[in-house]
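Below is one structure, written out as structure tokens; the observations come after it.
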Number of protein chains: 2
Amino acid sequence: MKIATYNVNGINARLPLLLQWLKEASPDIVCLQELKAPQERFPLKEINAAGYQAIWNGQKSWNGVAILAKNREITEVQRSLPGDPEDLQSRYIEAIIDQMVICCLYLPNGNPYPGAKFDYKLSWIKRLQRRTNQLIKMELPAILIGDFNIIPEPIDVYKPERWENDALYRIEVRKAYKELQKKGWMDSIRTLYPEEKIYTFWDYLYKAYDRNAGIRLDHILLSPFLSPQLQSGGVDRHVRGWEKSSDHTPVWIILDRSSKP
Amino acid sequence: MKIATYNVNGINARLPLLLQWLKEASPDIVCLQELKAPQERFPLKEINAAGYQAIWNGQKSWNGVAILAKNREITEVQRSLPGDPEDLQSRYIEAIIDQMVICCLYLPNGNPYPGAKFDYKLSWIKRLQRRTNQLIKMELPAILIGDFNIIPEPIDVYKPERWENDALYRIEVRKAYKELQKKGWMDSIRTLYPEEKIYTFWDYLYKAYDRNAGIRLDHILLSPFLSPQLQSGGVDRHVRGWEKSSDHTPVWIILDRSSKP
DNA sequence: GACAGGTGGG
DNA sequence: CCCACCTGTC
């Protein structure tokens, strides 16, 4: 069972490239972020034609998340992160697929720091912690997956000193990420590659991809029930080099679902 | 000697297609309209690489005209239509190439009628008449070429009755066009094909090209000195069918320059 | 640097 | 319907 995440930065601008990648990577479950399309402009027809079912949470111009599944039923359980009914940003969608809870998230960027946007990021993280603590308590097989907009460690950024006061690298959000891990959420890519420099995002500016000036923002975290099933994983780095690419690139893992405890 | 006019509707958006057409049509002189680029964003490098010299009169966002010549010296003589120093729109450029005066023009559209824009069109035409009368008086070999935004006759529009109060077809501007002809300017395409329905523009909307709902707006007028040299001419209609085409299509004539009187 | 979306123009 | 250009976002 292959599960992937991809911040597409505009689902309609990215559609040909997304379909190309779906064909070559053939993931079973895909979480998308930054659709940048209102609910009615999600390209369902083309996604269906590629062999995927989909649920999504659209928004005009910004944000927007989706979950795709190949030959599998998707049961939507949440289409916003509980805890603030006044939060209208489409950054969260949760579903059950193949007996797993899939939490697809697009965590706020939070820049500039300090400021209201950073505060919003912190409060969003608090709500995420409440939700994810519940999932742990209930001992559910669950996955937190998506664009966390958090650089977890110095190894995850090409030049840590430049990022000290960036909302992606601030101590507060890195602490929160560590907190998730303490509660039992396993960072699959870092677990598979404990010492490698691995990036999932390269800025469009300043030829960041050519210089490999990247950062690691897109994560797949497994609940204790699922972490023993982790078999392999990786970053489809080459997709970032494609013509008309997103500034992020897909990240994936493979779970051995037969090895249920 | 092949001389052509093409309203490109955005020189930079149209560049690949323009280069394609230059290669296949190989005109000696080309007049372009609606560059929609400021002076410094004219793609001179690519035009040069295609084998053409160029002069142009750019403007941010709108208008803009250029004259291209292959293996020929271009001597610019005017970069605006005389008669109104307060007119800042880039709609006219005049040059001498191969002993001919080339007047490349992008006449104002004039819609809506009635109104200030239509008045501007009429006053622009007055200035054009003054300039072109001078050229006739001086018995110069000259060409008026470009997007006139004038539908000369009922035969030049797919449905004349729909256009009665459109600035492109108003009696005032059609009269002015006839006046030019009376002064000696010869409409080369209409002379070559006296009875054919010939269009040079099809609207992007309502599949106008598929329905052949076109109009004839782009003209090549020859002064009495040059009209005897007219050999052939045509409209490169197929270019309008290309992917990412302008709403206009190129018009061209061939002059026999050896037959000077 | 690239996205969406709005504008003014045709 | 498509152009350029502006803004806001990341």
*Sorted by average packing, counted as other Cβ atoms within 10 angstrom per residue and highest first, what order do A:16-24, A:61-69 take?*
A:61-69, A:16-24
*DSSP loop (so not H, G, I, E, B), at most 10 other Cβ within 10 Å: list which chymotrypsin sites (Phe, Trp or Tyr not before Pro) in segment B:197-239 pass both filters.*
none
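At 222 nm, what value in deg cm²/dmol follows for chain B if DSSP H runs of at least 4 each add -39500 (n - 2.57) and the sum is divided by all its residues, to the nearest 500? Could the numbers behind the result be given before it?
Details: 5 runs with 60 residues, N = 261.
After summing the helix terms and dividing by residue count, I get -7000 deg cm²/dmol.
I need the peptides B:122-133, A:30-41, B:86-97 ranked by packing, meaning the mean over residues of other C-beta atoms within 10 angstrom, with the highest value on top. Could the numbers behind the result be given before it?
Details: B:122-133: 17.3, A:30-41: 21.3, B:86-97: 19.2.
Packing proxy ranking, top to bottom: A:30-41, B:86-97, B:122-133.
What does DSSP give for chain A in terms of the percent of beta bridges that are antiparallel, rounded to the nearest 5? Working shown, then result.
Details: 40 of 51 bridges.
The antiparallel fraction comes to roughly 80 percent.
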_On the Cα set of segment B:120-261, report Rg and Dmax in Å, please._
15.6, 48
*For segment B:55-153, just list the percent of Cα-Cα distances falling in each 5 Å bin from zero outward, please.*
3, 12, 22, 25, 20, 11, 5, 2, 0
*Any lysines with Cα under 25 Å of the residue B:23 Cα? List them, leaving off those in the same chain fewer than 8 positions away.*
B:2, B:36, B:45, B:70, B:244
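Give the Kirkwood hydrodynamic radius (Å, one decimal) of segment B:47-98, defined as one over the mean of 1/r across all pairs of different Cα atoms.
The answer is 11.9 Å.
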*Post the alpha-carbon centroid distance, segment B:68-82 to segment A:1-38, in whole angstrom.*
51
*Roughly how many Å is it from the Cα centre of segment B:108-165 to that of segment A:203-261, as a whole number?*
61
*Taking the simple approach of a point 7 Å from Cα along Cα-to-Cβ for both residue B:155 and residue A:26, what is their distance in nm?*
6.4
*Span-like helix ranges in chain A, DSSP H, alpha carbon extent 30 angstrom or more, Kyte mean at least 0.5*: none
*Indicate the gyration tensor shape class of segment B:2-255 (rounded, prolate or oblate), computed on the Cα atoms with a ≥ b ≥ c the square roots of the eigenvalues: a/c under 1.5 is rounded; otherwise a/b larger than b/c is prolate and the rest oblate.*
rounded
*Modelled FRET efficiency - R0 35 Å, residue A:70 with residue B:210, Cβ distances, 0.05 increments*: 0.35
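So, with +1 on the Cβ of K and R and -1 on the Cβ of D and E, and no other charges, what is the size of the charge dipole of segment A:2-255 about its Cα centre, to the nearest 20 debye?
Details: 34 positive and 31 negative charges, 35 e Å.
Dipole of segment A:2-255, to the nearest 20 debye: 160 debye.
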_Using Cα-Cα distances under 8 Å and only pairs 6 or more residues apart, what relative contact order does chain B have, in percent?_
19
_Cut-off under 5 Å, modelled amide H: who pairs with residue B:220 long-range_ = B:188, B:189
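Between residue B:84 and residue A:62, take the C-beta separation as r, use R0 = 51 Å, and let me know the FRET efficiency to the nearest 0.05. Mind dumping the intermediate values first?
Values: r = 47 Å, r/R0 = 0.92.
Working from the Cβ atoms, E equals 0.65.
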*May I ask you to give the percent of accessible area on segment B:2-255 that is carbon plus sulfur, with a probe radius of 1.4 Å?*
51
*For labels at residue A:96 and residue B:13 in the simple 7 Å Cα→Cβ model, what's the distance in nm?*
5.1
*Reachable aspartates and glutamates from residue A:182, Cα under 18 Å, same-chain residues fewer than 8 places away excluded?*
A:139, A:153, A:172
*asked:* What number does the protein assembly as shown give for Rg over Rh if you use C-alpha atoms and the Kirkwood radius?
replied: 1.16
*Name the shape class, rounded, prolate or oblate, that the alpha-carbon gyration tensor gives for segment B:5-110, where a ≥ b ≥ c are the square roots of its eigenvalues, rounded holds for a/c under 1.5, and otherwise prolate holds if a/b is larger than b/c and oblate otherwise.*
oblate
_Run the reach check for residue B:175 against lysines, Cα to Cα strictly under 26 Å, same-chain hits fewer than 8 apart removed. What comes back?_
B:117, B:121, B:126, B:137, B:159, B:183, B:197
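The values are calculated or read from the model by the stated rules, or taken from the named source; none is laboratory data. Not measured: the values here are computed from a predicted model. As a convention, Cβ positions derive from the backbone with ideal geometry for all residues, glycine included, and neighbour counts pool all protein chains shown. Protein only, heavy atoms only, side chains kept; ligands, DNA and RNA dropped before computing areas. Shrake-Rupley method; radii C 1.70, N 1.55, O 1.52, S 1.80 Å.
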